[in-house]
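Structure first, commentary second.
Every number in this text was worked out from the coordinates using simple rules, so none of it is lab data. Quantities reported herein were computed from a predicted structural model and do not represent experimental measurements. Every residue, glycine among them, receives a Cβ derived from its backbone with ideal geometry; neighbour counts consider all protein chains shown.
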Ligand code: CP
């Protein structure tokens, strides 16, 4: 049984296979309507549970549509409405769901919840985001970069802002796909050392640079994310804004990157905070391709999990 829990826990060759499969499946759809099935129906007869303990637009809709395009069925479950939210253990929930469904995707707060679900489920489990990582997003981001610019290996990726869960999965991907990664942000919001160590141990060049203009020099890809994550307290907002304002991605900052650099943001965004609308809607931006590619990348991940 193959769980998709994190990019660093998945073999690099298998990750590459998933990205290539995602490209092929996207091309094979050949512009057909979103609701039309794929030629291949590898999930026919399969039921997928999509559990959300946090809000979601992209993850929810892209998994749901992806399963349906591949001939399967979904049930979208809110953690709050399940017994999970009223004291039933994660282990028992995992054992019970495994009797009904073929695959579980869960978006939750604590990484421990995801790991306990995977330990006790007898069907594959996919990480749809925890407070620590967001691997499905970064698989879509790697796919998006390569769709526009070819292999990401050896490229310079610059992360501006908060060293959050999306940044953590980017560091895992740097190690697994072999690109260089520069983090620029205030020291209190540095990514965990463990994520940096993983990428360095795999041979990637990881740089922490406090000056955003120096950091972005020669970048192939500039990435940012919201300054206040879903799990951060509202009381942190003002302090975060003050800390992160110098790291806003605007046209002046983007002009330091390579002329053909791409700009990414996993969305949802707070326009004109972490990135200006001029950048988000400008010539470097591929943010809506990123959002679309969640669909294709996750279809490949689900096929890999189920071996179909
Ligand atoms: N990027 C992302 O995971 O979006 P949602 O929170 O809308 O799922």
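Against the chain, whose longest principal axis is taken from its Cα atoms, helix 12-29 shows a tilt of about 80°.
What per residue convex hull volume, in Å³, comes out for the chain when only alpha-carbon positions are used?
On the way: hull volume 38.3 nm³, N = 308.
Convex hull volume per residue, Cα atoms: 124 Å³.
Scoring 157-169, 64-76 by mean Cβ neighbours within 10 Å over their residues and listing the highest first yields 157-169, 64-76.
Look at where the Cα atoms of the stretch 84-118 and of the stretch 191-232 average out, and the two centres are 31 Å apart.
For the stretch 64-213, what does the alpha-carbon gyration tensor say about shape, rounded, prolate or oblate, given a ≥ b ≥ c as the root eigenvalues, a/c under 1.5 as rounded, and a/b over b/c as prolate? Could the numbers behind the result be given before it?
Working: a/c = 2.56, a/b = 1.75, b/c = 1.46.
Prolate shape, in that a/c is at least 1.5 and a/b is the bigger ratio.
How do 94-103, 292-301, 176-185 rank on mean C-beta neighbours within 10 Å, highest first? Show your work: numbers first, answer last.
Working: 94-103: 17.8, 292-301: 25.2, 176-185: 23.3.
Result, highest mean first: 292-301, 176-185, 94-103.
Mean-square fluctuations from a GNM of the chain, with a 10 angstrom spring cutoff on Cα atoms, peak among 13, 121, 199 at 13. Computed on the chain, with alpha-carbon pairs under 8 angstrom and 6+ residues apart, the relative contact order is 20 percent.
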